Structures are given as structure tokens and as C-alpha cells.
Amino acid sequence: MAIRIVQSKQNPRVKELRAALQRPGRGAAGTVALEGFHLVQEAIRSGLTIETIFISQDSESILKTLGIPDSVEILALPAEILASAVTTEAPQPIAALAQPRGWYWQDLFKPSPGSGLILVLAGIQDPGNLGTILRSAEAFGATGIISLPGTVSQWNPKAMRASAGSVFRLPLLSASRSDCFECLRNSGYRIMAAMAHEAEPLNKVDLVKSVALVIGSEGSGLPKELAAQCDDRITIPCPGPVESLNAAVAVSILLYEASRQRTSSRPRRKS
């Protein structure tokens, strides 16, 4: 394992790391920046191409547990220089630049023909919510996510941390509204708008066949013109005196119910 020592904040790779963190998903040549041991570990396990790993001097021993390919560039630098590039208040001693996996429409539709489960995110702005949604989506068997304009980048550092690595594995495409609805309908999906009021209770809706769940922003919910393009409106009944649920909580409940219905509909094996 070859490690090169860097002593300057103006090192081109350090500057690239800083820029990728300041503008998530828009780094040089499409690189994304990863902060912290867990994210770097999950990226390697998920098969991402790691270009450069930045390690704080005197912390090189943690590299031995990562299984780093020989092709990866490793830079050791003083802790204060690494801290100047990353965004967390209490930075961990490791960061990386990686090439994210490229996803295509067929990645969303091929895995489960006739029973796909896709989330459409229309203006999710809080990166923590987005990361939690990604994590729940992978946990409950969603086949992919479509991000509409106004939704925060999945490469936002806070979103990546909240996703616990799901951001590296779950197919996610950014698309316009028109392309999104056209592709879903052409692929046989029933499109359902998640609403706080005036909608069918979740437990009375069939979520077994291919469905796309459309989720609005945290503050204003789903725009009326977008809801009007959906086939159905569904809601989570809340007997308590709250007006609405946190977006990530609501999505997790929707996904759990879809997973429950799909598991219950499968024929049981005879013992």
C-alpha cells in the first residue's frame, strides 16, 4: 500500500475534495466526496470506484481494515489540512473521492417486472430526510427512486451519512416531471400521490403490483398540479392531533405497508 504525504491545502486533490463537498455531485469528472470511515467502507463494499483516499497522519492503521484496491491513490496529510477540506464540525480522520455508479431507467424497471416499487421525490429538501428515505427504501425492497427538480442531491454529505450506504446501492435517477410520468406509465406503473388529507387510507390500497409512490416536500406537500397527474391519492390515517408526518417517517410507513402486503401475498412453501 503506497502512501504519499501531502503538506499543502493547495494540493490539487485536496482542492478537488473541498470543491466536491461544497457542490455535491458536481466534482471534477463527476466525482463525489465521502467523509468518514463508515461511508468509505460502504462505498468500497458496494463496488464504487475509489479514486483517492485522504488519511490524517498517524491514523494510517485504519486503512488495513478497508480492503483498498491497489489502484487507489492514498494521500496522508496533517489533520488540520484534512479538516480544512471537509464539512463536519468534528471531522473523522478519513475522506475519499469516488466515482458514483451510473443508473439508467432499465435499472429501475428490470429487477421486478410486474411488481416494482418506486419512490418519486418531488421537492424533498432536507438532506437528512433524503438519506433516511434511501435507507428505508433499501430496507423495505424498493426497486428505485426518481428525483424530481427541487429535491436535494443524494451526494449531499448529510444525506449520504443518513443513508448508511444505501445511496451507493439503490438505483436513483434525476428526471423531469414529464419524463418521469411518461416512463412510469409506459412501464405499467400505477402512480399514487401521498397526501395528508382527502385520500384513500393506506390499508385499503393495493400495493402489490407495480406502483410508484409520489412524495412532496416537507413544508408544502405535493403540488396540486402534480397530484392531479397521479392515478390515486393515498394517505396514512393518523388518529392523533397532528396535521402531518415528517416526510421520512411517512415514506417509511408507506414502504413498510407495501412490503407487508407483498410478503403476505406470496404463496407459502409447504413444510
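The values are calculated or read from the model by the stated rules, or taken from the named source; none is laboratory data. None of these values were measured; they are calculated from a predicted model. FYI the Cβ positions are ideal-geometry reconstructions off the backbone, even for glycines, and counts take in every protein chain you see. Note: accessible area is taken over every heavy atom of the protein model, side chains too, but ligands, DNA and RNA are not part of it. Shrake-Rupley method; radii C 1.70, N 1.55, O 1.52, S 1.80 Å.
Computed from Cα positions, the angle between helix 247-265 and the longest principal axis of the chain comes to roughly 60 degrees. Residues whose amide H comes within less than 5 Å of that of Gly144, counting only those at least five positions distant or on another chain, are Leu117, Leu119 (H built at 1.01 Å from N in the peptide plane). The slack between Gln99 and Lys9, meaning 0.36 nm per residue of separation minus the straight C-alpha distance, is 30.2 nm. The charge dipole of the chain, taken about the Cα centre with unit charges on the Cβ atoms of Lys, Arg (+1) and Asp, Glu (-1), comes to about 760 debye, rounded to the nearest 20.
Treating each Cα of segment 165-271 as an identical point scatterer and summing with the Debye formula, the log10 of I(q)/I(0) at q = 0.17, 0.18, 0.20 Å⁻¹ comes to -0.91, -1.01, -1.21.
Rounded to whole numbers, the Karplus 3J(HN,Hα) couplings from phi for segment 146-160 are 10, 9, 8, x, x, 8, 4, 5, 5, 8, 4, x, 5, 5, 5 Hz, using 6.51 cos²θ - 1.76 cosθ + 1.60 with θ = phi - 60°, and x at Gly and Pro. Rg and Dmax of segment 1-106, both derived from C-alpha coordinates alone, stand at 13.1, 45 Å.
Only Lys, Arg, Asp and Glu carry charge here, each on its Cβ (+1 for the first two, -1 for the last two); on that basis segment 17-127 has a dipole of about 420 debye about its Cα centre.
Only one residue of Pro239, Gly67, Ala162 has its Cα farthest out toward the positive end of the dipole of the chain, where Lys and Arg carry +1 and Asp and Glu -1 on Cβ, and that residue is Gly67. Atom-type composition of the exposed protein surface of segment 1-94 places 49 percent of the accessible area on carbon and sulfur (1.4 angstrom probe).
Solvent-accessible area per residue in segment 112-155 equals 30 Å², computed with a 1.4 angstrom probe and all protein chains kept.
Using Cα atoms only, what is the angle between the long axis of helix 177-186 and the major principal axis of the chain, expressed in degrees (0 to 90) to the nearest 10? Tilt relative to the chain: about 60 degrees. Between the Cα long axis of helix 127-139 and the first principal axis of the chain there is an angle of about 70°, rounded to the nearest 10. For the chain, the fraction of alpha-carbon pairs lying more than 25 Å apart is 49 percent, rounded to a whole number.
For segment 174-228, the solvent-accessible area of protein heavy atoms averages 52 Å² per residue (probe radius 1.4 Å; ligands and nucleic acids excluded). Take 36-43, 153-160 and order them by the average number of nearby Cβ atoms within 10 Å per residue, most first; the result is 153-160, 36-43.
Got a sec? Which residues in segment 168-206 would a label at Gln229 touch, if it sits 7 Å along Cα→Cβ and we count backbone N under 12 Å? Inside the label zone: 175-185. What residues from segment 145-161 fall in the zone where the backbone N is under 20 Å from a label point 7 Å along the Cα-to-C-beta line of Arg23? Residues 149-160 qualify, since their backbone N sits under 20 Å from the label point. Compactness of segment 71-152, taken as the C-alpha radius of gyration over 2.2 N^0.38 Å, stands at 1.49. Under 5 Å between amide hydrogens, built in the peptide plane, is the criterion, and for Glu51 it picks out Leu97, Ala98, Gln99 among residues at least 5 positions away or on other chains.
Given a 1.4 angstrom probe, I'd like the percentage of the accessible area of segment 200-260 that is carbon and sulfur, rounded to a whole number. Using a 1.4 Å probe with all protein chains present, segment 200-260 comes out at 54 percent carbon and sulfur.
In a fully extended conformation the segment linking Arg177 and Asp70 would gain 34.3 nm over its present Cα-Cα distance, using 0.36 nm per residue.
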